[in-house]
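Novice: Once you've had a glance at the structure underneath, I'll fire off some questions.
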Amino acid sequence: MTINTFTRGKKIYLDMRENKKRTRLATGLKNSPLALKFVKANYELFLSDKKKAQAKFYELEDEIFGKKLMKEEKDKTSLPLKDKHFYEIKNEILSSFHLKRNSKKKFQVLLNSIELFLKSKKLDIQSFKKNDIASFYDFFKEKNNNKTIKNKLAMFAKVLTIAQERGLINENPLQKLPKFCIDEKELQKKINTYLSYEQMNFVVKNATGVLQDYLFIAFFTGARTGEILALQKKDILFEKNLINIIKTKHDDNTLGTPKTKNSYRQIDILPILKKRLLLMCEGLKDDDFLIRKKVSKLRAEFKELLKRLDLPAMRLYDTRHTFASIMLSKGEEAMWVGCKMLGHNDLNETFKTYAKYIPQDVKTRARFIDEKDFL
């Protein structure tokens with residue numbers, strides 16, 4: 001048997017020939033030097049157990065990804081960080097059993113940033129004090145916006161909390177995080193995130209094929225990207241006008257649990273969406289997925305559609321924010337929008353992001369007060 005590798009649509013495939021018979025196997029991995037090298041070295045594992053091979057690659061990728069930031073940042077000292085307590089806590093956080101793969105990557109980047117800071121300043125978690133917070137901010141301000149720096153501080157606060165619980169420090173200098181103003185670019189990005197009702201209508205009408213199916217679900221449910229991609233015919237309860245949100249699909253096409261406890265929910269099927277769902281479910285088996293296209297393709301098509309329609313660029317995920325802002329601005333109940341449809345923990349979470357979209361009736365306040373009573 002001869003085995004070769006080739007790529008198609010940014011994915012890696014195995015091409016096998018034996019007795020003039022040709023067989024192809026999709027590895028499911030995106031083309032990259034690391035992935036290509038891994039496939040060539042582990043093709044037998046892909047042939048015997050593709051899921052196990054993918055899992056092994058993702059472990060390797062996570063390990064390398066975790067070191068990426070350290071290589072990209074310019075190291076100001078050649079000395080290693082000699083803080084065993086930091087490494088112990090770092091490993092504890094990253095090995096948490098409930099940590100999802102995407103979250104692990106984000107946490108690894110944040111922890112590597114903290115490590116780089118401590119290393120460059122020759123500090124450790126026991127010597128870091130409140131007056132070092134300004135130094136932390138200055139260290140990252142050239143390459144990061146305030147929101148990103150605050151995320152790094154929040155992770156550092158978590159590290160210090162664990163250190164305090166272990167008796168390594170008496171006080172957590174980051175028990176109360178400093179308040180940062182929002183960068184102008186961040187504000188502008190936030191403003192451009194949501195579409196108006198008219199713009200949403202324009203986008204849906206001009207979309208075609210699977211992208212249009214996706215946008216119908218996204219704009220009329222507010223569900224997350226992964227939640228929509230994970231929907232199967234059996235999750236659509238037409239007789240009850242409900243959709244079960246009980247799983248999510250990751251970028252690597254694997255299924256997982258929803259983002260939070262409250263993300264397990266049943267959402268309403270609006271009349272306009274029901275007609276579309278009935279068409280989408282025609283001929284499907286219970287276990288068939290409603291959207292059978294890779295998220296990378298959907299993102300690319302959505303980006304191109306917005307560009308063609310001369311609309312501001314936005315993420316595919318921002319259809320969720322568009323749903324919330326439109327529904328609230330048109331007078332729908334915040335409890336229904338936030339807790340029922342979006343899966344928020346409580347109304348505080350909804351108001352924190354979308355309060356400005358809730359219309360406020362202009363009316364005279366405190367009518368019971370009679371000015372004559374105070375003369």
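Novice: For the structure I just gave you, tell me whether Asp286 is within 26 Å of the chain's Cα centre (by Cα) and either of a type in the set (Asp, Glu) or part of a loop (DSSP other than H, G, I, E, B) (or both).
Specialist: On the way: within 26 Å of the chain's Cα centre (by Cα): no; either of a type in the set (Asp, Glu) or part of a loop (DSSP other than H, G, I, E, B) (or both): yes.
Taking the combined requirement at face value, the residue does not satisfy it.
Novice: Can you tell me which of (1) at positive phi; (2) at pLDDT 95 or above; (3) not aromatic (Phe, Trp, Tyr) is the one Leu237 doesn't meet?
Specialist: (1)
Novice: Scanning segment 95-124 for residues that are within 20 Å of Ala55 (Cα to Cα) and modelled with pLDDT of 90 or more, which turns out nearest to the chain's Cα centre (by Cα)? Give the derivation first.
Specialist: Restricting attention to segment 95-124, the residues satisfying the condition of being within 20 Å of Ala55 (Cα to Cα) are 95-108.
With the extra rule that they be modelled with pLDDT of 90 or more, the set shrinks to 107-108.
Numbers: Phe107: 13, Gln108: 15 Å.
Residue satisfying both the conditions and the ranking: Phe107.
Novice: Looking at Arg299, is it within 29 Å of Lys56 (Cα to Cα), basic (Lys, Arg), open to solvent by 80 Å² or more (accessible area, probe 1.4 Å) and within 23 Å of the chain's Cα centre (by Cα)? Give the steps one after another, and end with the answer.
Specialist: Values: within 29 Å of Lys56 (Cα to Cα): yes; basic (Lys, Arg): yes; open to solvent by 80 Å² or more (accessible area, probe 1.4 Å): yes; within 23 Å of the chain's Cα centre (by Cα): yes.
Yes: the conditions hold for Arg299.
Novice: Going through segment 203-238 one residue at a time, which ones are charged (D, E, K, R) and surrounded by 20 or more Cβ atoms within 10 Å (Cβ to Cβ)? Explain how you work it out, then say what you get.
Specialist: Residues of segment 203-238 charged (D, E, K, R): 205, 213, 224, 227, 233-235.
Selection gives Asp213, Arg224, Glu227.
Novice: Please state which of the following conditions Tyr357 fails to meet, knowing it meets all the rest: (1) surrounded by 15 or more Cβ atoms within 10 Å (Cβ to Cβ); (2) at pLDDT 90 or above.
Specialist: Unmet for Tyr357, out of (1) surrounded by 15 or more Cβ atoms within 10 Å (Cβ to Cβ); (2) at pLDDT 90 or above: (2).
Novice: For residues in segment 142-161 being more than 21 Å from the chain's Cα centre (by Cα) and among the β-branched types (Val, Ile, Thr), which is most open to solvent (accessible area, probe 1.4 Å)?
Specialist: Checking each candidate, the answer is Thr161.
Novice: Here is a follow-up. Go over the candidates Phe374, Phe289, Phe351 one by one and state the one that is at pLDDT 95 or above and of a type in the set (Phe, Trp, Tyr). I'd like the intermediate steps shown before the answer.
Specialist: On the way: Phe374 fails: at pLDDT 95 or above; Phe351 fails: at pLDDT 95 or above.
Among Phe374, Phe289, Phe351, only Phe289 is at pLDDT 95 or above and of a type in the set (Phe, Trp, Tyr).
Novice: Then there is this: Which residue pairs have Cβ atoms closer than 9 Å, lie 6 or more positions apart in sequence or on different chains, and pair a first residue in segment 212-235 that is over 14 Å from Asp318 (Cα atoms) with a second residue that is polar (S, T, N, Q) and open to solvent by 10 Å² or more (accessible area, probe 1.4 Å)?
Specialist: What qualifies is Gln212/Asn206; Leu229/Thr248; Leu229/Asn253; Ala230/Thr248; Leu231/Asn244; Lys234/Asn244; Asp235/Asn244.
Novice: OK, next. Kindly provide the set of residues from segment 37-54 that are hydrophobic (A, V, I, L, M, F, W, C) and either open to solvent by less than 50 Å² (accessible area, probe 1.4 Å) or at positive phi (or both), ordered by number. First the steps, then the outcome.
Specialist: Going through segment 37-54, the residues hydrophobic (A, V, I, L, M, F, W, C) turn out to be 38-39, 41, 45-47, 53.
Passing the criteria: Phe38, Val39, Leu45, Phe46, Ala53.
Novice: Please go through (1) of a type in the set (Gly, Ala, Ser); (2) surrounded by 14 or more Cβ atoms within 10 Å (Cβ to Cβ); (3) modelled with pLDDT of 80 or more; (4) touching a Lys or Arg at 6+ places or on another chain (Cβ under 9 Å) for Gly66 and return the number of the only condition it doesn't satisfy.
Specialist: (3)
Novice: Search segment 3-41 for residues being polar (S, T, N, Q) and modelled with pLDDT under 85, and hand back the single one that is farthest from Tyr58 (Cα to Cα). If you could, list the steps in order and put the result at the bottom.
Specialist: So in segment 3-41, the residues polar (S, T, N, Q) come out as 4-5, 7, 19, 23, 27, 31-32.
This time we only want the ones that are modelled with pLDDT under 85, so: 4, 19, 23.
Numbers: Asn4: 22, Asn19: 34, Thr23: 25 Å.
Among residues in segment 3-41 that are polar (S, T, N, Q) and modelled with pLDDT under 85, the one farthest from Tyr58 (Cα to Cα) is Asn19.
Novice: Something else now. Pull up segment 315-352, narrow it to residues that are surrounded by fewer than 19 Cβ atoms within 10 Å (Cβ to Cβ) and not in a helix (DSSP H, G or I), then point me to the one that is nearest to the chain's Cα centre (by Cα).
Specialist: Residue satisfying both the conditions and the ranking: Arg315.
Novice: Hey, any hits in segment 2-20 for a residue that's more than 19 Å from Asp251 (Cα to Cα), among the charged types (D, E, K, R) and open to solvent by less than 50 Å² (accessible area, probe 1.4 Å)?
Specialist: Residues of segment 2-20 that are more than 19 Å from Asp251 (Cα to Cα), as a first pass: 2-6, 14-20.
After this cut, where a residue has to be among the charged types (D, E, K, R) as well, the list is 15, 17-18, 20.
Next, only the ones that are open to solvent by less than 50 Å² (accessible area, probe 1.4 Å) stay: 15.
Checked against the condition, which is being more than 19 Å from Asp251 (Cα to Cα), among the charged types (D, E, K, R) and open to solvent by less than 50 Å² (accessible area, probe 1.4 Å), segment 2-20 yields at least one hit.
The values are calculated or read from the model by the stated rules, or taken from the named source; none is laboratory data. This one's a predicted model, so the numbers in the text were calculated from it and none came from an experiment. Quick reminder, even Gly has a Cβ in these numbers, built from the backbone with ideal geometry, and neighbours come from all protein chains shown. With ligands, DNA and RNA removed, areas are computed over all heavy atoms of the protein, side chains included. Shrake-Rupley method; radii C 1.70, N 1.55, O 1.52, S 1.80 Å.
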